[in-house]
Amino acid sequence: MISLMTSRQEIKHTIQNKLHRNAGPEDLVATEAMLARITKNPGQYSEAFVEQFKIFHHELKDFFNAGSLAEQLESIKESIDDKGRSALTLFLECKKTMQSLSALREIIAKGLESGLRNDASDAAIAMRQKWRLCEIGLEDYSFILLSRFANELEAMGGANCLAQDVKSKDVSSWNDPLGALIVGVHQLRLSGWKPEECAAIQNELLAWKERGLSETEASEDGKTIWGLWHKATLGRARRLTEEYSEALLQIFPQNVQVLGKAFGIPENSVRTYAEAEIRAGVIFQVSKLCTLLLKAVRTTIGSQGWDVIVPEAAMGTLVQVERIVPGSIPSTVEGPVVLVVNKADGDEEVTAAGSNIVGVVLLQELPHLSHLGVRARQEKVVFVTCEDDDKVADIQKLKGKYVRLEASSSSVDIYPSSENSNGTFVKNVSSDVAPKVESRGTPDPSWSAAKTPESNQGVSASGVLLLADAEAQNSGAKAASCGRLASLAAASDKVFSDQGVPASFNVPAGAVIPFGSMELALEQSKSMESFRSFLNKIETLKPESGELDQVCGQLQELISSLQPSKDIIDRIAKIFPGNARLIVRSSANVEDLAGMSAAGLYDSIPNVSVSNPTVFENSISKVCASLYTRRAVLGRRVAGVSQKDATMAVLVEEMLSPDLSFVLHTVSLTDQDHNLVEAEIASGLGETLASGTRGTPWRISSGKFDGNVRTLAFANFSEELLSAGPADREVIHLTVDYSKKPLTNDPVFG
């Protein structure tokens, strides 16, 4: 009796009075402690009292949503249908496997997709909350199961063991790890993170798992093709986790800092909050599995995690930056620099960030023939990418040291080197190539051939050239090349192979608004004086100052305000069908030259039509204005070209809607083998390749004389671009499932 009275007093003073004022989680802790005490010695308290206290404790846990996952699931059992109850029972009875968890969470998530009625009862709202808590609880529990699996996989030998099994041509040991990854990606999909991307990755992993390992795939080694399939999809899955982390880091840090300071939370807790949130989620376990499996795949195919875009060797001080932008290299760094770059979007100009950059290590994948890759090759900057976490960690240990970067078709190496004492820019150093000292800021000879003075003499208001009439002197190298192709196409039906097969081909119809048209419009609008004033300013303004950005913006605004004459629009309308989709492209006198590609510096506007004259006219003006973006101005400055010497022609072509787009190199990019051609291929429009979109294209090598084809990489870009819908300068972005693409899944396609 004394014990009961004492307990009642304790309940009154430690719990009841507090609940009357404001209940908190600490009350649940006090209740749990008391429940443990009154149930410790059976018979010490009356059964009725103990039973009522248990009920009270259970209701308090419900109030704070603190019940165990099993208790939460039991609380919704009567509110779900037979299929749901069956999945719930299976999950609870089979010791909570990943597969049963995934099936149950999907049912609950689908049930939560429908909204509640406005007049829903309190009971319905409370039950909806319980469903949501169960769904969140299942997500949290999937983290635990995936963590246990990853730890056990490591304990059993991890990547080395998996790679050894592939070498022995037994991939059965991969079934469980791939299955776990599929479940993990499915959890991300149910959580709402890029569901279409998650679905595509799941489909690909399931397809490769079902297909298994063959001795050969067409004429290629089956083990290599198996490895390349998995490398592409695993790389895509890891990119999915990186994008999630990047999104979280954009949202949290600043807001967390403000709230943490307001609530007096310790600074260390505030600083590590975002990282802790990432590491405590399913995304972290998915990333761990991807990293482990990628390591095994690289071992299988003999890859070291490097990809060589521009081979040769370079020496310089290792500096790490977030992006390649002017001003990113500390002013304290002198002499040649090897740059480690966290991210790139593919439109950067390497030496615009510093004329002393001799090598780049990019920590993400990049198409070899992207704008950035082409520029690096033209600037003779050694360029590699690295995706292996261990190697990245080793590279970061060399920050601030003088290093040698060696890149060839067979290997990449980076290590400390003796400092070059004379301070010259040393690059392209190999055992059989003497060191060369590169000078910057001298115009390339190819530039002078296409140089066009600031003149509109001979240009009429209706000046439009047919594509076949375009020449470098009046329309730029790009339009001239397209004109040459048009002339060849017209005569191609008269050319036959040795086997009598006609070599005929077609090119899109096109027209050119030639050099001088923009200047004529400036004169007619009485804007030439302002234009020349702006040009003089951008010639000398420093990139670090905000004034350069301001003047570039004013120049672009001026050019964008110009409208092509009605005669020009009418003339173009007569060349193309009224419903034709067109692309408006730049053809400056400072691009597509042997020594100055200016790849991607100037705009192209896809999916327009003369039937929508407002959009079409604005597109022409926007292409002309792109001559004066900050990147374009700095790019010309690095090449030693005066801003007043640059001029723009506009190339208008009928737009294709290809299933596949490609860029072809007539010499092997990595080992300069003239007997090979290499193609990079993307699904849909070619902008995916040129823009430097994160991901890998299909990469194929073919012998010029023996026809021997070798697959170097399978594509894993997340999206394909299609020209469809209204002609409004926009393209459609569709998620790609490569398990359904013949170039990936059919070994004899093409």
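The values are calculated or read from the model by the stated rules, or taken from the named source; none is laboratory data. What you are looking at is a predicted structure, and each value in this text was computed from that prediction instead of being measured. Reconstructed Cβ throughout: ideal geometry from the backbone, glycine too, with neighbour counts over all protein chains shown. Surface areas here come from the heavy atoms of the whole protein model, side chains and all, with no ligands, DNA or RNA. Shrake-Rupley method; radii C 1.70, N 1.55, O 1.52, S 1.80 Å.
Condition check ((1) of a type in the set (Gly, Ala, Ser); (2) touching a residue at least 24 places away in the same chain (Cβ under 8 Å); (3) touching a strand residue (DSSP E or B) at 6+ places or on another chain (Cβ under 7 Å)) across all residues:
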| residue | (1), (2), (3) |
| --- | --- |
| Gln285 | no, yes, no |
| Pro311 | no, yes, yes |
| Ile329 | no, yes, yes |
| Thr332 | no, no, no |
| Gly346 | yes, yes, no |
| Glu349 | no, yes, no |
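Entry remark, the range 683-712: residues being surrounded by fewer than 21 Cβ atoms within 10 Å (Cβ to Cβ) and under 20 Å from Asp746 (Cα atoms) number 9 in total. Filter the range 76-99 for residues that are surrounded by 17 or more Cβ atoms within 10 Å (Cβ to Cβ) and of a type outside the set (D, E, K, R) and give the result. If the condition is that a residue be surrounded by 17 or more Cβ atoms within 10 Å (Cβ to Cβ) and of a type outside the set (D, E, K, R), then Ile76, Ile80, Gly84, Ala87, Leu88, Phe91, Met98 are the ones that fit.
Here the condition is being within 22 Å of Leu712 (Cα to Cα) and β-branched (Val, Ile, Thr); of Val350, Val374, it holds for Val374 alone. Only strands (runs of 3 or more DSSP E) whose full extent lies in the range 622-726 are considered here, and the ones with at least 2 residues that are without any contact (Cβ under 8 Å) to a residue 60 or more places away in the chain and among the aliphatic types (A, V, I, L, M) are 676-683. For the range 593-604, taking the residues that are among the aliphatic types (A, V, I, L, M) and surrounded by 22 or more Cβ atoms within 10 Å (Cβ to Cβ), the one that is modelled with the highest pLDDT is identified as Leu601. Being under 23 Å from Thr629 (Cα atoms) and among the basic types (Lys, Arg): is that true of Arg375 here? In short, yes. Among the numbered conditions (1) touching a residue at least 24 places away in the same chain (Cβ under 8 Å); (2) open to solvent by 10 Å² or more (accessible area, probe 1.4 Å); (3) closer than 25 Å to Ala207 by Cα, tell me where Leu133 comes up short. Of (1) touching a residue at least 24 places away in the same chain (Cβ under 8 Å); (2) open to solvent by 10 Å² or more (accessible area, probe 1.4 Å); (3) closer than 25 Å to Ala207 by Cα, only one is false for Leu133: (3). Can you tell me which residue in the range 342-363 is modelled with the lowest pLDDT, limited to those that are open to solvent by 10 Å² or more (accessible area, probe 1.4 Å) and of a type in the set (S, T, N, Q)? Here the residue is Ser355. Counting the residues of the range 186-226 that are of a type outside the set (S, T, N, Q), touching a helix residue (DSSP H, G or I) at 6+ places or on another chain (Cβ under 7 Å) and farther than 20 Å from Asn708 by Cα gives 18.
Only residues that are in contact (Cβ under 8 Å) with a residue 24 or more places away in the chain and open to solvent by 70 Å² or more (accessible area, probe 1.4 Å) were counted in the range 199-210, giving 2. For Lys574, the requirement of being more than 30 Å from Thr351 (Cα to Cα), at pLDDT 90 or above, of a type in the set (Lys, Arg) and not in a helix (DSSP H, G or I) is not met. Looking only at the range 381-406, which residues are closer than 24 Å to Gly302 by Cα and either charged (D, E, K, R) or modelled with pLDDT under 90 (or both)? Answer for the range 381-406, where residues must be closer than 24 Å to Gly302 by Cα and either charged (D, E, K, R) or modelled with pLDDT under 90 (or both): Glu387, Asp388, Asp389, Asp390, Lys391, Asp394, Arg404, Glu406. Looking across the range 648-682, just one residue is touching a Pro at 6+ places or on another chain (Cβ under 7 Å), open to solvent by 30 Å² or more (accessible area, probe 1.4 Å) and of a type in the set (A, V, I, L, M, F, W, C), and that is Leu656.
Residue-level check: of (1) under 30 Å from the mean Cα position of the chain (by Cα); (2) farther than 30 Å from Lys77 by Cα, Phe149 misses just (2). Within the range 723-750, being within 23 Å of Leu366 (Cβ to Cβ), open to solvent by less than 50 Å² (accessible area, probe 1.4 Å) and of a type in the set (A, V, I, L, M) holds for Val731, Val736, Leu743. Which condition breaks for Ser102 when tested against (1) open to solvent by less than 60 Å² (accessible area, probe 1.4 Å); (2) small (Gly, Ala, Ser); (3) modelled with pLDDT under 85? Only one criterion is unmet by Ser102, namely (3).
Going by the structure shown, is Val590 crowded, with 17+ Cβ neighbours inside 10 Å, among the β-branched types (Val, Ile, Thr) and at pLDDT 90 or above? When the stated conditions are applied, Val590 does not pass them.
Set side by side, the residues Phe576, Phe496 differ, and just one is farther than 18 Å from Tyr602 by Cβ, open to solvent by 60 Å² or more (accessible area, probe 1.4 Å) and of a type in the set (Phe, Trp, Tyr), which is Phe496.
Within the range 369-389, the residues that satisfy the criterion of being open to solvent by 10 Å² or more (accessible area, probe 1.4 Å) and either without any contact (Cβ under 8 Å) to a residue 12 or more places away in the chain or part of a loop (DSSP other than H, G, I, E, B) (or both) are Leu369, Glu379, Lys380, Glu387, Asp388. Between Ile568, Ile605, Ile572, the distinction of being over 22 Å from Phe534 (Cα atoms), under 29 Å from the mean Cα position of the chain (by Cα) and among the aliphatic types (A, V, I, L, M) belongs to Ile605 only.
The listed residues are Glu557, Glu544, and the only one of them that is open to solvent by 60 Å² or more (accessible area, probe 1.4 Å) and either free of Cβ contacts under 8 Å to residues at least 12 places away in the same chain or assigned to a helix (DSSP H, G or I) (or both) turns out to be Glu557. Filtering the range 721-750 to residues that are touching a Ser or Thr at 6+ places or on another chain (Cβ under 9 Å) and among the small types (Gly, Ala, Ser) leaves Ser723, Ala724, Ala727, Ser739. Going by what's in this entry, would Leu339 be described as open to solvent by 30 Å² or more (accessible area, probe 1.4 Å) and either of a type outside the set (Val, Ile, Thr) or out of contact with any His (no Cβ under 6 Å at 6 or more places or on another chain) (or both)? It is false that Leu339 is open to solvent by 30 Å² or more (accessible area, probe 1.4 Å) and either of a type outside the set (Val, Ile, Thr) or out of contact with any His (no Cβ under 6 Å at 6 or more places or on another chain) (or both). Would it be correct to say that Ser121 is open to solvent by less than 70 Å² (accessible area, probe 1.4 Å), of a type in the set (Ser, Thr, Tyr) and over 31 Å from the mean Cα position of the chain (by Cα)? Yes; evaluated as a whole, the condition is true for this residue.
Yes or no, residue by residue, for (1) out of contact with any helix residue (DSSP H, G or I) (no Cβ under 7 Å at 6 or more places or on another chain); (2) β-branched (Val, Ile, Thr):
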position	(1), (2)
Val297	no, yes
Gly302	yes, no
Pro326	no, no
Ser331	yes, no
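Counting only residues that are open to solvent by less than 60 Å² (accessible area, probe 1.4 Å) and either assigned to a loop (DSSP other than H, G, I, E, B) or basic (Lys, Arg) (or both), the range 401-420 holds 5 of them.
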